[in-house]
1. Pulled fully out, how much extra length does the chain show between Lys94 and Tyr17, if you take 0.36 nm times their separation in residues and subtract their Cα-Cα distance?
2. Which net charge results when you count Lys and Arg as +1 and Asp and Glu as -1 among the other residues whose beta-carbon is under 14 Å from that of Ala64?
3. Roughly what would the spin-label model give for Asn76 and His63, points 7 Å off Cα along C-beta, in nm?
Amino acid sequence: MWAKAGNFNKQQLCEIYALEAVQKWEEAAEKWEELAQPENAKHCWLKSNSDRAIARSSLGEPHAAIEDLNQAILLNPKLAAAYNNRRAVRRDLKDTLGALED
């Protein structure tokens, strides 16, 4: 039995990470989108939102990725991974000042 977190469980997370591992970014982004619904617990939404940003960035949607990361940081300003991921996306966009801020 998988331990549930919010409205999803570890098996669902493993499936998404497996999709990302083989670079099936579009499928992974869709799965993260499902998990990022408001009915999920705040911490679960936060995690899925941050990870969905990675998939969106890999799909060539850097601005959508930054929006996800901004929301994750707004909900938890101490989430270091979100700052690091946003820095990487900003760097790829040649936003040097923004990347340095993160």
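1. My answer for the length gained is 25.0 nm.
2. -4
3. It is 2.8 nm.
Just so you know, all these numbers are worked out from the coordinates, no wet-lab data involved. What you are looking at is a predicted structure, and each value in this text was computed from that prediction instead of being measured. FYI the Cβ positions are ideal-geometry reconstructions off the backbone, even for glycines, and counts take in every protein chain you see.
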